[in-house]
Amino acid sequence: MAGNQTDGRHPLIVGAGPAGLTASLELLGSGVPSTVFECTAHTGGLARTARSNRWLADPGGHRFMTTNEDVLDIWRELVPPDDWLTVDRSSAMFVDGHYVKYPLEAADLLRKLGPRKAVQGVGSYALGKIHAAGRRRREESFQTWGLRTFGEFWYRTFFDSYTRKTWRVDPTHITSDWARQRIQPIQWAKPAAQRGQPFSFPAHGPGQVWQSMADRLTTAGNEIHFDSPVTGIHRSGTKWELELADGSRHRGDAVFSTMPLRTLIHRLHPTPPDPVVDAAWQLAYRDVVTVAVPVGPESDFPHQWVYIPQNDVHVGRVQNYGQWSRHLIPEGWKGTCLGLEYYVQESERDEFDDAHYLRIAESDLAKLGVTTRRMADAFVVRSNFAYPIYDDRRADAVSTISRWLTTEHPDLYSIGRNGMHRYYNQDHAMISAVLSVQNYLGKDVDHWTSNIAD
């Protein structure tokens, strides 16, 4: 995406996920070397492929789909054509013992939940539309948006308890921004062309893409330091200096950071002004703990993932890795592997050990009617800061921080999902990196104000 240019520059990059690695690759394309510092032992961030013995897991459920041709070109170059699978989306919500298609389809709703609930749902939906007519829709809460979009019956059935479970926040304190990006209205008459929603997926999981990108960077001479958490970001004259947990310091002319935006502000030196620090404290995150459990063929189901809104189980979503790619399952295993996702507040991060989550997963699967065969092979994957929370403080806080960074530190680029505190897909995170590199190289573009998600 960029031309060749060598001018002695050397930026520092924090994080080896999609945004950080893309920034390094873009810089390399312009002849600018960079050094990447990753706090964990792996590439990809949430989009990594986790491994335990012969079992592979995708902690976040990553579909590879985008309308950006440049992003598509990068993906295609990184993974051999034979390793790109085309998968038809199949997802559902588990309600009252039924797998109800998601996104919600009117015909399926009426068929699965029966005539009495169908009448309740349709009546509630119509009433919600009448009550919502003419109301102001900007800056509304998730709950208000849900009631207006689905009616009270469908909202309560599918979204209220699931949202509480997922975000650990009352829906009245979550903004509708996230919902508008992620949740589709009921499809009353779905054209055939929209069915299936096919997407691409690497045969060996999303981490295959990011490991390939990392290999390309290191082959070209760029350094990637793993297990290297950044504990301080110092402005030193016209240069930047990163301080690592081991006490070492590394200098560069710019910083591209994918660490959580809140963490970035708290690790900056000199300390930002009080309004910026206070804004950073307003930003909240949610962790995810994934428990991968091998199950036999009798426990398979024809969906990549299933949302679980019911309150009598702890799990929020179940992935079926065999429905993403059979290469995630050991050869010869007749069943599949399920990934149970548990959503955890930051304050609860260290409260429970892996054995606790293994016990909860086995109990939840039993309540869902799934018989486990190989709990001895089950394993736990923890992903901290997995999702930025879209509560009612987020927009003002991000605006305050982004304005200050742009004005005071134009060569410090906070990018990606956590760096911008936006619920980005992989392609959006990559585009934020590309725009930031373009700005670094002299183009008048601002990744904070560009509508990347559209």
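The values are calculated or read from the model by the stated rules, or taken from the named source; none is laboratory data. Because the structure is predicted, anything quoted here is derived from the model rather than measured. Here the Cβ is made from the backbone with ideal geometry for all residues, glycine too, and neighbour counts use every protein chain on show.
Taking the range 37-90 as the range and being at pLDDT below 95, among the hydroxyl-bearing types (Ser, Thr, Tyr) and either in contact with a His (Cβ under 6 Å, 6 or more places away or on another chain) or under 17 Å from residue 16 (Cα atoms) (or both) as the test, only 90 passes.
Tell me, please, whether a residue that is within 30 Å of residue 300 (Cβ to Cβ) and not hydrophobic (A, V, I, L, M, F, W, C) can be found in the range 396-411. No - not one qualifying residue is present in the range 396-411. Residues that are over 23 Å from the mean Cα position of the chain (by Cα) and modelled with pLDDT of 95 or more are absent from the range 255-262.
When 399, 347, 414 are checked against the criterion of being touching a residue at least 40 places away in the same chain (Cβ under 8 Å) and among the polar types (S, T, N, Q), a single residue qualifies: 414.
Looking at this structure, is residue 63 more than 26 Å from residue 229 (Cβ to Cβ) and basic (Lys, Arg)? Considered against the rule, which asks whether it is more than 26 Å from residue 229 (Cβ to Cβ) and basic (Lys, Arg), residue 63 comes out as yes. Screening the range 358-376 for residues that are touching a Ser or Thr at 6+ places or on another chain (Cβ under 9 Å) and not in a loop (DSSP other than H, G, I, E, B) and picking the one that is nearest to residue 94 (Cα to Cα) gives 365. Of all residues in the range 134-154, those that are modelled with pLDDT of 80 or more and either among the hydrophobic types (A, V, I, L, M, F, W, C) or not in a helix (DSSP H, G or I) (or both) total 8.
Here residue 423 fulfils each of the conditions (1) out of contact with any helix residue (DSSP H, G or I) (no Cβ under 7 Å at 6 or more places or on another chain); (2) not in a helix (DSSP H, G or I) apart from (1).
So in the range 281-312, with the set limited to residues that are more than 27 Å from residue 352 (Cα to Cα) and crowded, with 16+ Cβ neighbours inside 10 Å, which one is modelled with the lowest pLDDT? Among them, the one singled out is 300. Scan the range 229-243 and tell me whether some residue there is at pLDDT 95 or above, in contact with a Lys or Arg (Cβ under 6 Å, 6 or more places away or on another chain) and surrounded by 22 or more Cβ atoms within 10 Å (Cβ to Cβ). Checking the range 229-243: at least one residue is at pLDDT 95 or above, in contact with a Lys or Arg (Cβ under 6 Å, 6 or more places away or on another chain) and surrounded by 22 or more Cβ atoms within 10 Å (Cβ to Cβ).
Here's the yes/no breakdown for (1) within 30 Å of residue 324 (Cβ to Cβ); (2) in contact with a His (Cβ under 7 Å, 6 or more places away or on another chain); (3) at pLDDT 90 or above:
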residue: 112; (1), (2), (3): yes, yes, no
residue: 117; (1), (2), (3): no, no, no
residue: 121; (1), (2), (3): no, no, no
residue: 129; (1), (2), (3): no, no, no
residue: 132; (1), (2), (3): no, no, no
residue: 175; (1), (2), (3): no, no, no
residue: 203; (1), (2), (3): yes, yes, yes
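For the range 334-351, the criterion of being at positive phi, out of contact with any strand residue (DSSP E or B) (no Cβ under 7 Å at 6 or more places or on another chain) and not in a helix (DSSP H, G or I) is satisfied by no residue at all. Among the residues of the range 299-320, those that are more than 24 Å from the chain's Cα centre (by Cα) and under 23 Å from residue 53 (Cβ atoms) comprise 299, 300. Every condition in (1) in a helix (DSSP H, G or I); (2) hydrophobic (A, V, I, L, M, F, W, C); (3) more than 18 Å from the chain's Cα centre (by Cα) is met by residue 46 except one, and the failing one is (3). Set side by side, the residues 398, 445 differ, and just one is surrounded by fewer than 22 Cβ atoms within 10 Å (Cβ to Cβ), outside any helix (DSSP H, G or I) and among the hydrophobic types (A, V, I, L, M, F, W, C), which is 445. Can you name the residue in the range 98-123 that is outside any helix (DSSP H, G or I) and free of Cβ contacts under 8 Å to residues at least 60 places away in the same chain and is also nearest to residue 197 (Cα to Cα) among such residues? The residue in question is 101.
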